[in-house]
Amino acid sequence: MTDLAIAANGLRKSYGDKLVLDGIDIAVPHGTIFSLLGPNGAGKTTAVKILSTLVSADSGSGEIRVGGHSLATDAQAVRAAIGVTGQFSAVDGLITGEENMLLMADLHHLPKDEGRRTAAELLERFDLTDAAKKPASTYSGGMKRRLDIAMTLVGNPRIIFLDEPTTGLDPRARHNMWQIIRELVTGGVTVFLTTQYLEEADELADRIAVLHDGRIVAEGTAEELKRLIPGGHVRLRFTDPAAYQSAASALREAARDDEALALQLPSDGSQRELRSILDWLDSAGVEADELTVHTPDLDDVFFALTARTDTPENSENPKEAVR
Amino acid sequence: MSTISLAVRDSSTMLRRNLLHARRYPSMTLNLLLTPIMLLLLFVYIFGDTMSAGIGGGGPDRAKYIAYIVPGLLLMTVGSTTIGTAVSVAMDMTEGIIARFRTMAIHRPSVLIGHVVGSVLQCVLSVVLVGAVAVAIGFRSTDATVLEWLAAFGLLVLFSTALTWIAVGMGLGSPNPEAASNSAMPLILLPLLSSAFVPLHSMPGWFQPVAEYQPFTPAIETLRGLLLGTGIGHNGWLAVAWCVGLAVLGYFWSTAKFNADQK
């Protein structure tokens, strides 16, 4: 247990009679990225708030240790080890970006020169030098988020909580943020990341836990989770009914959709598998007019993992990549 | 680092943050300053003759009435400034940066202490400005000794500290800045119900206890005595007791609210 950066057993929290976290276990080794994946209202933010000492866990929870310190008895030591970037930007909008950074340097009790140097370096690293003298309230969403992370890094925390760091960012800003997170981990930092995007967890996380209605319904690497998810497939569409019929008889394992003249082959969407499917189609003499790859998204994950409670068989909203 | 030096260091960092806010956005402070200055001019130049005739029992004497109401208005300035404190604390608590402070290994009450010290400094500055206006329209306190002046200043700082801690509690207890401004209204209404504008004995009998048993009246009577040489009597100790009581109450109320779990 001591070699884990974050270790929680039976973490519980309810507000009034609303149960938010129903006894979740979390174990995050040092220097890895752990992602808590779930839809709005699943309890992700509550988990981050508890682990970052903002709210206390219910008394029925087991022991929770962050950075080797007990959350219940030594919150101040936990705070010294962590950095938090919340869902809503934790910057002071009334003062400039540079002043925000110097404020953090002062609160971490850095000597004046070192504080200035650290602030300047981080502003440079996050491409905020030009905007450093402007009030943070005038920043764009992506800039605010970068300033937010830069402020979190002033104290050189070994464990960083990122609560939906890319929600509301445009694609370019999102990819920048991913790059930043990867760089953090190369420096040996442990990252606890929450997201509602499977793609994001897939890109970044070493381990993913899927949170649903306050419970962890699945946990593993991205690969392990994807194996749990049905719904990834390649769809072949034909315009000529005759071509469709011959293809259907050649590809017996494909699911048929006679009305649309389409066939579906199970696939995880990987390049390797796609190539083997294409080779196989070639050797079977099948030539489709359109081929689309459907990869499972969060909807699929949830429908699959919570199928016992609510039962939509198939998501009608798969992400598509037309080739 | 010891707890005390950590507290002092973090509090001074927070104070610098609050002073930066006040310097960048002075409109609120100036707005709140207008009320006591307008009341001063209104009571002296519009109502002054009638009021002084009523109080003195003799003919109208505007100069005497200026002397009478200035101590009350100086303390009313403090009340008005602390409304601003309640509002800015409530506004601050809606900011994400406060959540960040809570997750940092800093001296926790420093967030509030920064607000309090900043607000007390603003109170002193505001009182000096209102005092300057009073002197400009004829207020004089030439009989007071240096010691009395120092005591008056001390009372001012103590009174500001007490009201500010209460205002911080009001700000923390309010869900938004508008609500904070409402719940802090007593801080500017109480001086109107005190001996600031007319003496206690001139009020209806049933109302006199309301005016007497509240912090403004003893503080005003004490300040009046220090600046103008009128009798202070037991008001001095009463004023100090009120201030210390309110400051302690406000401190524990505020820190308890600040340390409570956030939703």
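The values are calculated or read from the model by the stated rules, or taken from the named source; none is laboratory data. Given the structure is predicted, the values throughout are model-derived calculations rather than measurements. Positions of Cβ are backbone-derived with ideal geometry, glycine not excepted, and every protein chain shown enters the neighbour counts.
Points to keep in mind about this one:
- Verdict on B:ALA179 being surrounded by fewer than 20 Cβ atoms within 10 Å (Cβ to Cβ) and more than 17 Å from the chain's Cα centre (by Cα): yes
- Taking the criterion of being out of contact with any Asp or Glu (no Cβ under 8 Å at 6 or more places or on another chain) and among the acidic types (Asp, Glu), the residues of segment A:184-208 that qualify are A:GLU200, A:ASP202, A:GLU203, A:ASP206.
- With respect to being at pLDDT 85 or above and surrounded by fewer than 24 Cβ atoms within 10 Å (Cβ to Cβ), B:LEU74 falls outside the description.
- In segment A:72-113, the residues that are more than 8 Å from chain B (Cβ to nearest Cβ), in contact (Cβ under 8 Å) with a residue 40 or more places away in the chain, in contact with a strand residue (DSSP E or B) (Cβ under 7 Å, 6 or more places away or on another chain) and over 11 Å from A:MET151 (Cβ atoms): A:ALA81, A:GLN87, A:THR96
- Restricting segment B:206-234 to residues that are over 15 Å from B:VAL78 (Cα atoms) and either touching a Pro at 6+ places or on another chain (Cβ under 6 Å) or of a type in the set (A, V, I, L, M) (or both), the residue that is surrounded by the fewest Cβ atoms within 10 Å (Cβ to Cβ): B:VAL210
- Residue match in segment B:144-162 (condition: surrounded by 18 or more Cβ atoms within 10 Å (Cβ to Cβ) and not in a helix (DSSP H, G or I)): no
- Screening B:ILE106 with (1) away from every other protein chain (no Cβ under 14 Å); (2) crowded, with 24+ Cβ neighbours inside 10 Å; (3) of a type in the set (A, V, I, L, M); (4) more than 18 Å from the chain's Cα centre (by Cα) gives one miss only, at (1).
- Condition met for B:GLU178 (without any contact (Cβ under 8 Å) to a residue 12 or more places away in the chain, part of a helix (DSSP H, G or I) and farther than 19 Å from B:TRP253 by Cα): yes
- Among the helices (runs of 4 or more DSSP H) confined to segment A:145-259, the ones with at least 1 residues that are closer than 30 Å to A:MET101 by Cβ, among the basic types (Lys, Arg) and without any contact (Cβ under 8 Å) to a residue 60 or more places away in the chain are located at A:171-186.
- The set of residues in segment B:84-103 that are over 21 Å from the mean Cα position of the chain (by Cα), of a type outside the set (Phe, Trp, Tyr) and assigned to a helix (DSSP H, G or I) comprises B:MET93, B:GLY96, B:ILE97, B:ILE98, B:ALA99, B:ARG100, B:ARG102.
- Residues (of a type in the set (D, E, K, R) and away from every other protein chain (no Cβ under 14 Å)) located in segment A:126-177: A:ASP127, A:ASP130, A:ARG146, A:ASP170, A:ARG172, A:ARG174
- Pairing residues of segment A:41-65 that are more than 14 Å from chain B (Cβ to nearest Cβ) with residues that are polar (S, T, N, Q), at Cβ distances under 7 Å and at least 6 apart in sequence or on separate chains, gives A:LYS44/A:THR194; A:GLY62/A:ASN9; A:GLU63/A:ASN9; A:GLU63/A:SER70.
- Any hit, segment B:89-105, residues being at pLDDT below 90 and closer than 25 Å to B:PRO218 by Cα: no
- Check on A:GLN87, polar (S, T, N, Q) and assigned to a helix (DSSP H, G or I): no
- Qualifying residues in segment B:201-260 (those that are among the aromatic types (Phe, Trp, Tyr) and either touching a residue at least 12 places away in the same chain (Cβ under 8 Å) or in a loop (DSSP other than H, G, I, E, B) (or both)) - the one nearest to B:HIS107 (Cα to Cα): B:PHE258
Let's see how each residue does on (1) in contact with a Ser or Thr (Cβ under 7 Å, 6 or more places away or on another chain); (2) under 19 Å from B:LEU40 (Cα atoms); (3) assigned to a loop (DSSP other than H, G, I, E, B):
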position	(1), (2), (3)
B:VAL116	yes, no, no
B:THR142	no, no, yes
B:GLY169	yes, no, no
B:LEU187	yes, yes, no
B:LEU192	no, yes, no
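- Condition check for B:ARG23: within 14 Å of another protein chain (Cβ to nearest Cβ), surrounded by fewer than 14 Cβ atoms within 10 Å (Cβ to Cβ), within 22 Å of the chain's Cα centre (by Cα) and at pLDDT 85 or above: yes
- Subset of segment A:109-123 (residues that are out of contact with any Gly (no Cβ under 7 Å at 6 or more places or on another chain) and part of a helix (DSSP H, G or I)): A:LYS112, A:ASP113, A:GLU114, A:GLY115, A:ARG116, A:ARG117, A:THR118, A:ALA119, A:ALA120, A:GLU121, A:LEU122
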